[in-house]
Amino acid sequence: MTESEIEKQIREWSRFSLEKKHGKSLPMCPYAENTWNNDKVSVQFCYENYVERVKSIQENWNDTHDVIILACFDFENDPNAFQSTLDNINENASNTNLWLMGFSPHCYGGIFEANPKTPPSSYAMIFIQRLSKLQEAAYELQDLGYYKEYESQVMHENREFEYLKMIDKW
């Protein structure tokens, strides 16, 4: 697949997996559609050493986009190891004001499990976005009951901990 085809595949995945309600009160990401429609998403590619690429993105973040989706072709096959790598990077989120969320073809039943028309992927996705924006949106969604239907409580607690640590530094 070409990078252009992969970008289209990721956009289609977002439409189907993140932007639809799938019987719940809210979509998995209530802000995804507007973010895409307002050209605030950048899809980038990494073929080796994704950890260094993530760090480079963090160092050069300029708020042109709200979300950078890094399609990684060199990720750990073990979903726990992949998540552990992201968790380790997120431990510095209070300093960078950037948060990572990952989707691997080896976890959650695969990136494209929700849409059988989409072929399996050979890449993982890392979503990089401002911690402050993400956590402030999380507080709004919490009042709507979002976290009763979505997201691991541990991830929410870890993100909030880094956010509060960052606020204390300001």
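The values are calculated or read from the model by the stated rules, or taken from the named source; none is laboratory data. Just so you know, these numbers come straight off a predicted model, no measurement behind them. Note that each Cβ is placed from the backbone with ideal geometry, even for glycine, and that neighbours are counted across all protein chains shown.
Assorted remarks:
- Test: residue in the stretch 4-25 that is of a type outside the set (D, E, K, R), part of a helix (DSSP H, G or I), over 23 Å from L131 (Cβ atoms) and within 14 Å of the chain's Cα centre (by Cα): yes
- Number of residues in the stretch 86-124 that are at pLDDT 85 or above, within 14 Å of the chain's Cα centre (by Cα) and β-branched (V, I, T) equals 1.
- Among residues of the stretch 141-170, those that are modelled with pLDDT of 75 or more and among the charged types (D, E, K, R), counted: 7
- Here D63, D74 are screened, and the one residue that is out of contact with any Gly (no Cβ under 8 Å at 6 or more places or on another chain) and on the phi < 0 side of the Ramachandran plot is D74.
- Positions within the stretch 67-86 being surrounded by 15 or more Cβ atoms within 10 Å (Cβ to Cβ), in a helix (DSSP H, G or I) and not hydroxyl-bearing (S, T, Y), in sequence order: P79, F82, Q83, L86
- The C-beta contact set for the stretch 84-101 (first residue within 16 Å of Q129 (Cβ to Cβ), second residue of a type in the set (K, R) and part of a strand (DSSP E or B), distance under 6 angstrom, 6+ apart or interchain) comprises N97/R130.
- Only one entry in S94, S42, S14 is touching a His at 6+ places or on another chain (Cβ under 9 Å) and closer than 22 Å to A137 by Cα, namely S42.
- Tally, over the stretch 33-66, of residues that are part of a helix (DSSP H, G or I), over 18 Å from R15 (Cα atoms) and not small (G, A, S): 9
- Of the residues making up the stretch 26-42, those that are without any contact (Cβ under 8 Å) to a residue 40 or more places away in the chain and surrounded by 14 or more Cβ atoms within 10 Å (Cβ to Cβ) are P27, C29, A32, E33, T35, W36, K40, V41, S42.
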